[in-house]
1. On average, how much accessible surface per residue is there in the chain, in Å², for a 1.4 Å probe, leaving out ligands, DNA and RNA?
2. Could you check the spin-label model distance between H138 and R79? Points 7 Å from the Cα along Cα→Cβ, value in nm.
3. Name the long-range amide H neighbours of G145: under 5 Å, sequence gap of 5 or more, or other chain; modelled H, no Pro or chain starts.
4. Does anyone have the angle between helix 2-18 and the longest principal axis of the chain? Alpha-carbon axes, 0 to 90°, nearest 10?
5. Got a sec? What order do V101, V154 fall in by accessible area at 1.4 Å, biggest, i.e. largest, first?
6. I'd like the accessible area for L95: 1.4 Å probe, protein heavy atoms, all chains in place, Å² to the nearest 10.
7. Can you compute 3J(HN,Hα) from phi for each residue in the stretch 167-178, using the Karplus curve 6.51 cos²θ - 1.76 cosθ + 1.60 with θ = phi - 60°, rounded to whole Hz and x for Gly and Pro?
8. Which order do the peptides 250-257, 129-136 come out in when sorted by mean C-beta neighbours inside 10 angstrom, highest first?
Amino acid sequence: MAKRTGILCALCLGWACSHALGGDGWLQQADYRLAQRISLKEIREGASGLAFDPVARHLWLVTDNGKLFELNAEGSVLRQIVLRGFADPEALSWLDTVSGVTRLAVSEERSGQVLAIKIGHGTREINIDQAARLAQFHKQGSNQGVEGLAYDPVQKTLFAVTESKPQAVYTIHNQQLSELWRVGLRNFWREPLDYAGAEYVPQTDSLLIVSDRNRSLREYSRSGQLMGKLRIEASDPEGVALAPDGRLYICSEPSLLMIYRPAAQLP
């Protein structure tokens with residue numbers, strides 16, 4: 001009995017240590033509170049990816065049946081763009097805006113591709129043949145591929161997050177794909193069951209990663225150290241975006257947009 005108790009204590013200690021937060025993360029600093037829940041009535045498909053455009057100060061939202069929506073910062077739909085030839089777009093990230101043309105990175109989960117698309121003021125349709133390939137993953141045909149994309153504009157590095165098998169984070173730089181870190185058996189107890197979305201935090205040089213099954217948002221350092229957590233008040237969170245003013249956006253299937261604000265911004 002004593003031996004078994006010792007083993008259980010060791011396991012509990014290891015679990016507790018793995019849950020210890022490392023450093024002063026952005027989620028801890030901001031102390032986010034849910035400010036708004038917006039039902040996007042114009043979007044009937046499954047929302048799967050979200051990005052914030054800091055130039056236009058607008059949101060971009062992609063659905064898994066191949067539609068891209070532009071929204072203002074308050075969540076009103078401004079435009080719909082059809083993505084022709086895209087079988088299963090999942091993740092989204094803003095890359096840049098030059099001379100009125102915006103580039104977004106989008107993942108095609110079942111083909112294993114990460115693509116760059118260009119959007120002008122009058123764009124209403126984009127064919128997959130017009131997209132530039134940024135990276136090719138080897139999980140073609142899988143529904144557990146790239147679910148999250150996040151971009152560091154200073155180092156011009158794109159982060160790609162795979163859902164599971166492996167549950168991992170990769171970097172894409174100059175079309176070179178490298179694994180940054182993955183969840184192994186030793187981290188089983190501290191990790192969510194899947195990764196569903198991602199966002200880069202310039203304030204702390206960290207990553208926000210959404211877990212659909214665990215309904216949580218977690219912050220990690222580049223080395224994979226857990227820095228903070230936020231419980232998401234929705235059943236199927238899929239995408240996350242961070243605005244320069246600190247507002248945090250999370251989309252959930254099929255068509256829910258949640259806006260979180262730092263506690264200091266609320267009355």
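1. 46
2. 3.9
3. E163
4. Taking the Cα atoms of the chain, the angle to 2-18 is about 30 degrees.
5. Correct descending sequence by accessible area is V154, V101.
6. Accessible area, nearest 10 Å²: 10 Å².
7. 8, 8, 10, 10, 10, 10, 9, 6, 6, 9, 9, 9
8. So the peptides 250-257, 129-136, ranked by packing, come out 250-257, 129-136.
The values are calculated or read from the model by the stated rules, or taken from the named source; none is laboratory data. Every value quoted in this text rests on a predicted model; they were computed, and no experiment measured them. Virtual Cβ from ideal backbone geometry, glycine too; neighbours counted across all protein chains shown. To get the accessible areas, we keep the full protein, side chains included, count just its heavy atoms, and leave off ligands, DNA and RNA. Shrake-Rupley method; radii C 1.70, N 1.55, O 1.52, S 1.80 Å.
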